[in-house]
Each structure stands twice: as structure tokens, then as C-alpha cells.
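Step one of this worksheet: look at the structure below.
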């Protein structure tokens with residue numbers, strides 16, 4: 001009697017080298033295509049950001065949020081009424097500066113006082129070099145916030161030394 | 001007879017262990033996916049107004065008066081939405097567009113068209129002031145800014161009080 005020898009099948013092994021190639025490309029894509037600085041931006045709950053066609057990604061900076069006639073300083077619950085803008089006392093100003101200072105220090109900048117008449121102004125801030133001796137202040141506001149509130153806040157914080165304001169929005173999706 | 005000729009050694013090709021490398025990459029991918037954010041926010045930077053010691057383009061000739069162009073947006077309600085660009089100088093003028101002429105829901109293109117029209121008339125003018133009436137919602141502010149910023153890099157916000165006065169004066 002003749003018995004057929006059973007076929008010995010080769011064990012199937014996954015192609016690990018090609019998988020590593022794919023994973024490496026995935027990692028490069030994730031590193032290149034993502035923003036990590038935005039983790040510092042905290043959007044208060046219930047706030048609807050406006051839509052914008054701006055192309056720039058946010059820079060690391062201190063933030064203020066305008067919502068329901070209140071100005072929230074930093075990512076804290078510390079809030080001031082819009083009506084107080086322009087009429088802040090020294091204690092309130094110091095409080096605002098102490099909240100915003102850690103982030104400002106992290107971004108490598110400090111508030112610059114307004115130039116005296118006849119004095120040369122500081123150079124324009126650069127998006128590429130965020131270590132300029134200039135300060136960005138991110139302004140977050142609900143899309144329904146009236147311009148009068150926005151302007152009051154801009155005026156107040158510029159007076160405090162924050163020169164370049166960052167108007168934040170969600171990217172507009174192409175149709 | 002042994003002549004001392006041993007058999008050729010068979011070299012065993014050692015393979016790099018790929019499985020732990022793959023494990024590591026998987027962990028890194030998950031870490032990046034969870035910690036990163038994609039295209040969440042966009043921004044406009046509003047730098048301080050530029051103070052120049054040199055005379056503006058409109059003042060290069062002594063008889064010329066500065067243009068001081070102002071883009072005024074009256075967007076208190078959609079029904080009366082109106083964008084006007086006014087300027088002074090020797091021959092003051094204005095470009096006024098109503099809601100219907102501003103193309104679509106998003107005001108950016110309409111605002112850009114006005115800025116382009118003005119730029120074609122006065123190519124040497126580098127700065128533009130923009131103002132909005134008090135009730136203009138922030139969304140409209142950014143839409144207008146989106147359009148105008150494509151033509152002018154030096155933009156200065158003017159107060160709502162001044163804009164309100166100027167808009168009322170136009171009516």
C-alpha cells in the first residue's frame with residue numbers, strides 16, 4: 001500500500017517590513033500635519049467660533065475670551081464685565097497680568113508699553129519667529145459678539161501692552 | 001585522513017527583529033493621533049498700526065491731501081447691510097455696495113472687490129482703516145477682514161463710535 005505523504009505547508013508570515021514602511025509614513029504625516037500649540041487654546045463651552053478664510057495656524061500666546069458680555073482672562077474662570085473695559089483699577093490690571101504672564105513667558109515675549117511720541121515703534125511681529133520681543137494675545141469671541149464689545153476689549157488690552165491681537169476662527173470649509 | 005580542512009562554516013544570517021519595531025511604531029501612531037489636533041483653528045494677526053516718519057504716498061507732492069481711506073461696514077442687520085469705502089484727498093469719493101452686490105452669504109469676496117477697485121484707483125495707498133457699526137456681529141467682522149486682508153496688509157481698526165457717526169453722516 002502506498003500512502004501519500006502529507007504536504008508540509010510553509011507557515012504564513014506577515015510582511016513586517018512593508019508594514020513598517022507604511023507606519024513610518026503615517027508617523028511623518030501625523031507629525032507634519034498637526035498642530036500641538038493649539039492645545040494651549042481653550043474654547044469656553046457654549047462659544048461658537050466665527051468662520052474665517054485665514055490660512056495661518058495659531059501661534060502660542062495668552063488668550064482672552066468674550067462671551068455673554070464677559071471677558072474671560074486666560075483659560076480660567078476669572079471674568080470681567082465688558083462695561084469694565086477701559087475702567088480697570090490697578091488691582092484688576094495686576095490680576096490680569098498675573099494670569100496671562102505664565103503663557104506670555106512661555107511664548108518668549110513680554111508686554112511692550114506703547115511707544116512714546118517721536119519714538120520708533122517696535123518692529124512688526126513675525127509669524128515665523130515667535131520669539132520676537134512682541135506679544136501676541138489671542139482673542140476668542142462668539143460669532144454673534146457685537147463689534148462694540150470686540151473693540152472695547154482690543155482697546156483695553158492694547159493699552160495693557162499687548163500689541164498684536166490674534167483673531168481666532170474656525171477654518172472655512174471649501175464648497 | 002583528516003587534513004585539517006574543516007567543513008565551511010555556514011553563516012546564519014541574523015534578521016533584525018521587526019515585530020518590536022512595529023509595536024513601537026503602533027504606540028507612536030496612537031500617541032500622535034490622540035495628542036494632535038488637525039486644522040482646528042485659523043487666525044488673523046492684527047499688528048499695531050504702523051507709525052511712519054516718512055510722508056505717505058499721497059503726501060509726496062505738497063498740494064496733495066492724504067486720502068485716509070476708510071472702509072465702513074454697516075451690518076447691524078442683514079436688511080441694511082452696506083459696505084462703503086470713503087476717501088478724502090484732492091478728489092474725495094466713495095465706493096458703496098449694498099447687500100445684494102456683495103455676492104453670496106460670505107462677505108469676503110464682496111469686500112475684496114471693493115478693496116481691489118480702490119487699489120486700482122490709488123495703487124500707491126498702502127494702508128486702510130476699517131470700521132464696523134456697534135451691532136455688527138463678529139462673524140461679519142472676520143468675513144470683511146478676510147476679503148480686505150487679501151489686498152491690504154496694513155489694516156487698522158477704527159472705533160465703532162467713529163464708524164457709527166460716519167455711517168449716520170452718509171445716510
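Structure summary
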{"quantity": "Failed condition for residue A:94, given (1) at pLDDT 85 or above; (2) within 14 Å of another protein chain (Cβ to nearest Cβ)", "calculated": "(2)"}
{"quantity": "Of the criteria (1) closer than 15 Å to residue A:156 by Cβ; (2) touching a strand residue (DSSP E or B) at 6+ places or on another chain (Cβ under 8 Å), which one residue A:86 fails", "calculated": "(2)"}
{"quantity": "Residues located in the range B:107-151, provided they are touching a strand residue (DSSP E or B) at 6+ places or on another chain (Cβ under 9 Å), surrounded by fewer than 20 Cβ atoms within 10 Å (Cβ to Cβ) and farther than 23 Å from residue B:170 by Cα", "calculated": "B:126, B:151"}
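One line per residue, one yes/no per condition, for (1) in a strand (DSSP E or B); (2) at the interface with chain B (Cβ under 8 Å from one of its Cβ atoms); (3) at pLDDT 60 or above:
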residue: A:114; (1), (2), (3): no, no, no
residue: A:134; (1), (2), (3): no, no, no
residue: A:137; (1), (2), (3): yes, no, yes
residue: A:149; (1), (2), (3): no, no, yes
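The values are calculated or read from the model by the stated rules, or taken from the named source; none is laboratory data. As the structure is a computational prediction, the values presented were derived from the model and not from experiment. Neighbour counts run over all protein chains shown; Cβ positions are idealised from the backbone, glycine included.
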